[in-house]
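The values are calculated or read from the model by the stated rules, or taken from the named source; none is laboratory data. No experiment lies behind these values; they were computed from the predicted model shown. Here the Cβ positions follow ideal geometry from the backbone for every residue, glycine too, while neighbour counts run over all protein chains shown. Calculation scope for accessible area: heavy atoms of the full protein, side chains included, ligands and nucleic acids excluded. Shrake-Rupley method; radii C 1.70, N 1.55, O 1.52, S 1.80 Å.
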Amino acid sequence: MTIKNKLRAGFGFLFLLALVSCGLSIYFLNRLSADAREILKDNYKSVQYTKNMADAIDASPDVLNQDQVKQIDENLSNQEHNITERGERQLTASLRSKYETLKSSKLNSGETTKLHSEIRKLLSDIMQLNMSAVEHKYTTAINTAGSAKLLVAFTGSFLFLVAFSFVVNFPGYIANPIKELTERIKEVSNRNYHQQLNFRSNDEFGELGQAFNTMTRKLDEYENSNLASILFEKRRIETIINSMHDAILGLDEKSFVIFANEVACTLIGLPAKDLVGRYAPDISLENDLVRNLLVNDQHKMKIYADNRESFYSKEVLSVVNKEKVIGSVIILKNITEFQQLDEAKTNFIATISHELKTPISSIKMSLKLLEDNRIGQVNTEQKQLLENIDEDARRLLKITSELLDMAQVETGKLQLNFGNTHPKNIVDYAVKALKTTAEQKQIVLNINCAEDLPDVRADLDKTTWVLINLLSNAIKYSHEKAVVDLTVKKHNGDEIEFSVQDHGQGIDQRYLSRIFERYFKVPGASAEQTGTGLGLAIAKDFIEAQSGKIGVESEQGEGSRFYFTLKKI
Ligand code: ADP
């Protein structure tokens, strides 16, 4: 039954009880009033009639006058129509016959007196009979009232009990399932899906319970299938991470280790169970590698593990979710193989460039001799050919020197000879070296170097080499008859800045950040302009080895300004 119908039935039952109680009360009141009415109608009136007749007879003991006859006739007739008690009919009939006898005037006085007394006796009997009936009916009415009181009290109590239990139980009937449902929903919202409602009734609550149970079952199934697929994916990712040759260490946003693959465990020298879940800075207190990984921002690392020395490049990736950093992944890539190849390449370059330098120098020497008139005259065409060979030999020498310098830097064999020198010396050496080249392109070198500048602490050769490189690039990438400014000035209080400003083609912003990389050349340069792409990379190494800084500012079409700084004395 639905709740609506149950409510209807409940209230209907209460209403029925109230109706029954009212009906009973009305029934008993009716019975009482009927009893009273009967007493009044049946007996009281008979008493009244007999009294009236007795009064009429007593008024004149001898002969009945007309008034008496009328009064008796009237009352007797009424009495005859109000026969209610057993025996009353015979008594009234006797009374009628005696009265009719009395009315006939042929009677003597003795007979009349006798009749009078008989009539009185009959009247008294009828009155007595009715009085007894009144008493009997009174007793019946009292009994009826008593049982009515009992029945109404019983019905009232029963009704009260039913209404009371209804009032006590009904709110619970509605509220208890809602309360239970609310609690289960709270549990479900806490992802506790093992919730079932035991509403066994066939009403709306029963349906609600079934729907809720189905929902939680489905949620549970969904959660389990989700969990299973998440666990499967987690295992798959763990397997992938473990099968990688790079060391991978995952940290959460509070620097607790979340995972470490097998390579990472081997390198760190601790099993995963001693790493995962621990605060990384705590591990770093007892483990050098973890300390280096957390603190050191150096990219290339030499690590001794598994009885051999290996090279690793470190990369730290921030894990960002919705613009919030939720952790980081440290990747150590094994670059030992590349390192070995790189070293082999550097050694090869060093050997080759070193070996090439001697024959190139001897070519240059031979060229010098050929140009000397004492050896013999050369015609104009031969002179031109000799000049070409000289230019190529010069370029070859430059390339081999750069390669050799590069190899020295890469193998860490760069040796600096520091000394105190005035910036003007560096400028003079560089300008002297490039004077002819500048003149060939009719380029004006605008030198701005004050005499009162303090000395700098520098390797004179290397620094001059850097300045020559910057000036030679400036000349190379300037148009003919252009101006190149060479400025030396104080910078940041304790530094001297050398800058070379040209007004040539400039450098596209896209390439500015890569300009100091090894072998990088801006795409689109003409064949005669491009070199090895090593000049600026070596310059950077030379300047940084002297604790200086090197940089560039450039605007395409406007020219470039290359600068470097050195510490003043
Ligand atoms: P290269 O030997 O090729 O000149 P560098 O390392 O000296 O090598 O220069 C690298 C690249 O930077 C060059 O190929 C050139 O494209 C660009 N570059 C260097 N200086 C200038 C400059 N003053 N103006 C325009 N481009 C320049």
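Give me the accessible area of His136, 1.4 Å probe, in Å² rounded to the nearest 10.
Accessible area, nearest 10 Å²: 120 Å².
Rounded to a whole number, what is D in µm²/s for region 131-210 from Stokes-Einstein with the Kirkwood radius over alpha-carbon pairs (4 °C, 1.567 mPa s)?
The Stokes-Einstein estimate is 75 µm²/s.
Listed here are the pairs Lys357/Lys383; Lys300/Lys567; Lys398/Lys432; Lys51/Lys137; Lys357/Lys521; which of them are more than 26 Å apart at the Cα? Don't skip to the end; give the middle numbers.
Details: Lys357/Lys383 24 Å; Lys300/Lys567 28 Å; Lys398/Lys432 17 Å; Lys51/Lys137 21 Å; Lys357/Lys521 24 Å.
Pairs exceeding 26 Å: Lys300/Lys567.
Over region 9-168, what is the mean sequence separation of C-alpha contacts under 8 Å (at least six apart), divided by residue count, expressed as relative contact order in percent?
38
Given a Förster distance of 25 angstrom, what is the FRET efficiency for Ala344 paired with Lys413, based on the Cβ-Cβ distance and rounded to 0.05?
0.95
Compute the projected area of the convex hull of the Cα atoms of region 79-173, averaged over all viewing directions, and report it in nm² to one decimal place.
Seen from a random direction, the Cα hull of region 79-173 projects 8.6 nm² on average.
Quick one: order Met365, Met244 from most to least accessible surface, probe 1.4 Å.
Numbers: Met365 125, Met244 75 Å².
Ranked from most to least accessible, the order is Met365, Met244.
Mind computing the radius of gyration and Dmax over the alpha-carbon atoms of region 412-569? Å is fine for both.
Over region 412-569's Cα set, Rg and Dmax evaluate to 15.0, 42 Å.
Report in % the part of the accessible area of the chain that belongs to carbon and sulfur, leaving out ligands and nucleic acids; probe 1.4 Å. Please list the in-between numbers first.
On the way: 19460 of 35030 Å².
After summing per-atom areas, the C and S share lands at 56 percent.
Normalised by the number of residues in region 312-367, what is the relative contact order in percent for Cα pairs under 8 Å and 6+ residues apart?
Value for region 312-367: 26 percent.
Rank these residues by their accessible area, most exposed first, probe 1.4 Å: Thr346, Thr380.
Per-residue accessible area, sorted high to low, gives Thr380, Thr346.
Using a probe radius of 1.4 Å on heavy atoms only, what accessible surface per residue do you get for the chain? Whole Å² is fine.
62
Stretched out fully, how many nm does the piece from Gln196 to Phe520 gain, at 0.36 nm a residue minus the Cα gap?
Extra length from Gln196 to Phe520 when fully extended: 109.6 nm.
Taking the Cβ of Ala393 as the centre, find all other residues whose Cβ is under 14 Å away and add up their charges (Lys, Arg: +1; Asp, Glu: -1).
My count for the surroundings of Ala393 gives +1.
Just read off the accessible area of Val444 with the full protein assembly in place, 1.4 Å probe, to the nearest 10 Å².
80
Give the Rg (one decimal place) followed by the Dmax (whole number) of the chain, computed from C-alpha coordinates and expressed in Å.
66.6, 221
Within region 328-415, report the trypsin sites (Lys or Arg not before Pro) that DSSP leaves as loop and that have at most 15 other Cβ atoms within 10 Å.
Arg374, Lys413
Jot down the radius of gyration and Dmax of region 145-281, Cα atoms only, both in angstrom.
31.1, 107
Inverting the mean 1/r over all pairs of different Cα atoms, compute the Kirkwood radius of region 424-482 and quote it in Å.
It works out to 12.2 Å.
Taking the mean number of other Cβ atoms within 10 Å as a proxy for protection, how do you rank 137-148, 261-272 from highest to lowest?
261-272, 137-148
Using just the helices of the chain, give the 222 nm mean residue ellipticity in deg cm²/dmol: DSSP H runs with n ≥ 4 each add -39,500 (n - 2.57), and the total is spread over all residues, rounded to 500. Display every interim value, and only then the final one.
Details: 15 runs with 342 residues, N = 569.
After summing the helix terms and dividing by residue count, I get -21000 deg cm²/dmol.
In terms of the Cα gyration tensor, with a ≥ b ≥ c the square roots of its eigenvalues, is region 227-316 rounded because a/c is under 1.5, prolate because a/b exceeds b/c, or oblate?
Cα axes put region 227-316 in the prolate bin.
So how far apart, in nm, are the two label points at Glu544 and Asp508 if each is 7 Å from Cα heading toward Cβ?
2.5
In whole Å and largest first, what semi-axes does the C-alpha gyration tensor of region 10-148 yield when each eigenvalue is scaled by 5 and square-rooted?
Square roots of five times the eigenvalues give 46, 12, 10 Å.
Based on the mean of other beta carbon atoms within 10 Å per residue, what is the order of 44-55, 401-412, most packed first? It would help to have the intermediate numbers written out before the result.
Working: 44-55: 19.6, 401-412: 18.0.
Result, highest mean first: 44-55, 401-412.
Between region 24-62 and region 299-363, what is the separation of their alpha carbon centroids in Å?
First find each Cα centre; the distance between them is then 136 Å.
Can you work out the FRET efficiency for the pair Thr182 and Lys300, with r the C-beta to C-beta distance and R0 = 60 Å, to the nearest 0.05?
0.45
Taking Lys273 as the anchor, which lysines have their alpha carbon closer than 25 Å to its alpha carbon, excluding any fewer than eight residues away along the same chain?
Counting by Cα, and skipping residues close in sequence, Lys273 has these lysines nearby: Lys234, Lys254, Lys314, Lys333.
Quick one: work out Rg over Rh on the C-alpha atoms of region 274-400, Rh as Kirkwood radius. The partial results should precede the final answer.
Working: Rg = 28.2 Å, Rh = 20.3 Å.
When Rh is taken as the Kirkwood radius, the ratio is 1.39.
Can you work out D for region 1-60 in µm² s⁻¹ from Stokes-Einstein, where Rh is the Kirkwood radius over C-alpha pairs, the temperature is 37 °C and the viscosity is 0.692 mPa s?
The diffusion coefficient I find is 209 µm²/s.
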